[in-house]
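Everything on this sheet refers to the single structure shown next.
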């Protein structure tokens with residue numbers, strides 16, 4: 001135990017041999033989340049419009065204000081602006097009204113925005129038009145009701161951040177693990193390990209445990225950032241810790257394996273980076289995999305992040321999404337198998353005589 | 001005297017190339033044993049074979065009575081290895097490097113702290129112990145590598161090119177440390193192609209080339225085996241009949257280089273130098289006497305040739 005504690009302490013001291021990699025691995029996900037949450041993920045769109053004059057235009061203005069999520073989050077924030085007809089709409093959009101022989105048309109003019117944003121505006125404005133239409137139709141209206149599954153409305157930022165928690169654990173552990181391990185070969189310090197009479201299970205165990213703790217720390221940093229930015233905190237800190245630790249163990253093994261096999265820092269670093277982002281994107285990064293295509297869902301079943309997100313979901317949303325037991329067993333099994341594979345690879349790449 | 005290291009017909013091939021070819025030798029306790037050879041002679045490969053990091057194709061090795069190929073962990077407990085390129089963590093300080101080694105090698109961790117302090121003082125690194133190793137000179141790094149190896153108190157230390165890239169002052173300090181440790185009971189096997197190091201440090205030298213053992217002896221015997229000392233005399237009056245003048249000294253053939261300048265071979269010139277001076281100083285007005293002795297450089301070139309080894 002004393003030796004393991006000393007090995008662990010030494011492992012943490014190796015931080016000084018790769019400070020930039022540690023900073024990237026630990027803080028990159030939190031930084032990425034902050035930027036995306038601030039800049040990109042905004043459910044309420046500002047829609048600029050000319051001052052409404054007629055009754056119908058007023059109706060559209062108020063209908064736009066009513067469009068929102070079933071639980072009440074507004075999707076449109078109409079902003080009345082005074083513009084001349086020839087003013088260019090460069091960065092965004094504006095709704096102008098055309099009145100021609102008793103027919104009124106709301107014309108939305110777009111500036112430099114992409115097709116996805118056009119689709120988003122169209123969806124929102126269609127919803128506003130539907131509200132007006134339904135009022136006209138009265139009892140003949142087409143009624144669309146959306147019943148929320150979740151007991152409370154949680155912003156997309158929270159889901160997005162929650163799904164990034166496994167990425168944070170995976171990225172820190174695999175990047176740092178890959179770099180530190182490959183560095184041992186580049187600086188020839190691996191000789192120290194090759195000749196050591198200490199059990200390889202202790203040596204590998206200390207490194208993987210240290211990397212897993214680093215991954216956990218990265219996840220906890222992100223968790224705090226999510227909490228501060230969205231006001232949403234998990235219901236169980238212990239639960240989050242265990243889930244992230246399991247993911248971080250997988251990342252640690254992948255990173256260490258990359259370092260042992262490639263023995264060069266740059267390629268090993270890239271393997272850690274690619275693996276982390278691939279498993280994040282394909283593992284319910286932007287929504288639960290069941291909401292996507294069959295192919296995506298099938299692939300996502302092979303991603304540890306998918307199971308981690310399924311386990312994190314109840315902690316953030318207080319709702320179960322799948323079999324927690326199955327997810328737990330899968331994460332532990334994958335972590336255990338990778339631990340053994342890492343040990344075998346260490347034996348063949350470090351200890352075996354060439 | 002029981003051998004610390006016994007090597008029998010060790011052979012190692014890399015594809016078509018035979019890196020070590022039928023090498024056999026023994027190393028005795030408290031000996032500083034040198035593997036001397038040109039670049040690519042197989043010195044480092046030999047050390048890696050001895051410590052069990054490389055597989056033997058033929059032959060066998062015993063270190064302290066244990067075969068490192070069969071029982072590497074037991075051997076690794078009692079040996080130390082300092083590779084040619086100093087492999088310490090450059091961004092850590094000396095103390096952290098030593099603690100790192102202790103966790104990997106030291107059986108009793110409770111004695112490590114005072115031992116680290118002792119070794120840092122011994123190697124004159126105490127004042128700089130908290131500085132990153134990156135800021136150390138080449139000699140300091142080598143001393144740290146030696147301190148690290150001594151930390152787990154090995155009986156046999158394999159030191160690959162101990163003073164490679166180290167300045168003259170640094171070399172002498174490292175040699176002193178090696179000799180001091182030998183007095184404390186350690187056995188050293190070093191590889192080198194530094195003639196001064198081989199001459200001053202090693203008790204015995206195995207000259208190897210192209211993986212083969214060329215010769216094995218003490219530096220003195222190797223030099224003596226190459227030939228006798230050469231005495232050159234410069235006098236103002238030419239020595240007409242030198243055989244008569246130096247009768248009874250058993251000198252070799254005398255060559256006259258120019259009037260008043262002769263040279264001849266003689267064994268152990270230092271024993272005869274006074275007598276030589278006495279016999280020529282009055283009658284021939286001795287102006288200068290020079291004694292040249294074969295150096296280890298001469299021995300090395302004699303055995304390994306003058307061709308470049310890249």
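The values are calculated or read from the model by the stated rules, or taken from the named source; none is laboratory data. Bear in mind the structure is a predicted one, so any value in this text is a computation, not a measurement. Don't worry about glycine lacking a Cβ; one is built from the backbone with ideal geometry, like all the others, and counts go over all protein chains shown.
A single member of B:297, B:310, B:243 is modelled with pLDDT under 85 and either out of contact with any helix residue (DSSP H, G or I) (no Cβ under 6 Å at 6 or more places or on another chain) or more than 30 Å from residue B:210 (Cβ to Cβ) (or both), and it is B:310.
For residue B:165, the stated conditions hold: it is over 19 Å from residue B:79 (Cα atoms), surrounded by fewer than 20 Cβ atoms within 10 Å (Cβ to Cβ), more than 14 Å from chain A (Cβ to nearest Cβ) and modelled with pLDDT under 95.
With respect to residue A:124, is the statement that it is touching a helix residue (DSSP H, G or I) at 6+ places or on another chain (Cβ under 7 Å), surrounded by fewer than 21 Cβ atoms within 10 Å (Cβ to Cβ) and either within 14 Å of chain B (Cβ to nearest Cβ) or over 28 Å from residue A:276 (Cβ atoms) (or both) true? Criteria not met by residue A:124.
Within the stretch B:68-92, restricting attention to residues that are touching a strand residue (DSSP E or B) at 6+ places or on another chain (Cβ under 6 Å) and touching a residue at least 24 places away in the same chain (Cβ under 8 Å), the residue that is farthest from residue A:188 (Cα to Cα) is B:75. Of the helices (runs of 4 or more DSSP H) that lie entirely inside the stretch A:1-110, those containing 2 or more residues that are outside the structural domain of residue A:121 (by TED's automatic domain parsing), on the phi < 0 side of the Ramachandran plot and in contact with a helix residue (DSSP H, G or I) (Cβ under 7 Å, 6 or more places away or on another chain) span A:2-13, A:19-39. Of the residues examined, residue A:193 is one that is over 27 Å from residue A:318 (Cα atoms) and either outside any loop (DSSP other than H, G, I, E, B) or in contact with a helix residue (DSSP H, G or I) (Cβ under 8 Å, 6 or more places away or on another chain) (or both).
Give the residue that is modelled with the lowest pLDDT, with candidates limited to residues of the stretch B:257-276 that are exposed (fewer than 13 other Cβ atoms within 10 Å of the Cβ) and over 26 Å from the mean Cα position of the chain (by Cα). By that ranking, first place goes to B:257.
Scanning the stretch B:110-151 for residues being in contact with a helix residue (DSSP H, G or I) (Cβ under 6 Å, 6 or more places away or on another chain) and within 23 Å of residue A:207 (Cα to Cα) gives a total of 3. Note on the stretch B:3-29: residues that are surrounded by fewer than 17 Cβ atoms within 10 Å (Cβ to Cβ) and part of a loop (DSSP other than H, G, I, E, B) amount to 4. Screening A:269, A:277, A:286 for residues that are part of a helix (DSSP H, G or I), surrounded by fewer than 22 Cβ atoms within 10 Å (Cβ to Cβ), assigned by TED's automatic domain parsing to the domain that holds residue A:344 and touching a helix residue (DSSP H, G or I) at 6+ places or on another chain (Cβ under 8 Å) leaves exactly one candidate, A:277. Residues in the stretch B:189-218 that are part of a loop (DSSP other than H, G, I, E, B) and surrounded by fewer than 18 Cβ atoms within 10 Å (Cβ to Cβ): B:203, B:210, B:218.
The number of residues in the stretch B:74-88 being in a loop (DSSP other than H, G, I, E, B) and facing another protein chain (nearest Cβ under 8 Å) comes to 4. Candidates A:238, A:205: the one that is crowded, with 17+ Cβ neighbours inside 10 Å and either touching a helix residue (DSSP H, G or I) at 6+ places or on another chain (Cβ under 6 Å) or part of a helix (DSSP H, G or I) (or both) is A:205.
Only one entry of B:124, B:110 meets the criterion of being at positive phi and either assigned to a helix (DSSP H, G or I) or more than 10 Å from every other protein chain (Cβ to nearest Cβ) (or both), and that entry is B:124.
Restricting attention to the stretch B:137-169, the residues that are part of a loop (DSSP other than H, G, I, E, B), touching a residue at least 40 places away in the same chain (Cβ under 8 Å) and more than 17 Å from the chain's Cα centre (by Cα) total 4.
The set of residues in the stretch A:311-340 being surrounded by 18 or more Cβ atoms within 10 Å (Cβ to Cβ) and under 30 Å from residue A:204 (Cβ atoms) consists of A:311, A:312, A:327, A:330, A:331, A:334, A:335, A:338, A:339. If you take the residues of the stretch B:38-59 that are assigned to a loop (DSSP other than H, G, I, E, B) and within 12 Å of another protein chain (Cβ to nearest Cβ), which of them is farthest from the chain's Cα centre (by Cα)? Here the answer is B:57. Taken over the stretch B:219-230, residues that are in contact with a strand residue (DSSP E or B) (Cβ under 6 Å, 6 or more places away or on another chain) and surrounded by fewer than 16 Cβ atoms within 10 Å (Cβ to Cβ) amount to 0. Identify the single condition in (1) away from chain A (no Cβ under 14 Å); (2) over 27 Å from the mean Cα position of the chain (by Cα) that residue B:71 does not satisfy, given that it satisfies every other one. The failed condition is (1). Do we find a residue being more than 28 Å from the chain's Cα centre (by Cα) and without any contact (Cβ under 8 Å) to a residue 40 or more places away in the chain anywhere in the stretch B:291-301? No; the residues of the stretch B:291-301 include none that is more than 28 Å from the chain's Cα centre (by Cα) and without any contact (Cβ under 8 Å) to a residue 40 or more places away in the chain.
Do you know which of the residues in the stretch A:79-108 that are surrounded by 14 or more Cβ atoms within 10 Å (Cβ to Cβ) and under 20 Å from residue A:63 (Cβ atoms) is modelled with the lowest pLDDT? So, considering only residues that are surrounded by 14 or more Cβ atoms within 10 Å (Cβ to Cβ) and under 20 Å from residue A:63 (Cβ atoms), the one modelled with the lowest pLDDT is A:93. From the list A:203, A:245, the one residue that fits, being over 30 Å from residue B:149 (Cβ atoms) and either in contact (Cβ under 8 Å) with a residue 60 or more places away in the chain or within 14 Å of another protein chain (Cβ to nearest Cβ) (or both), is A:245.
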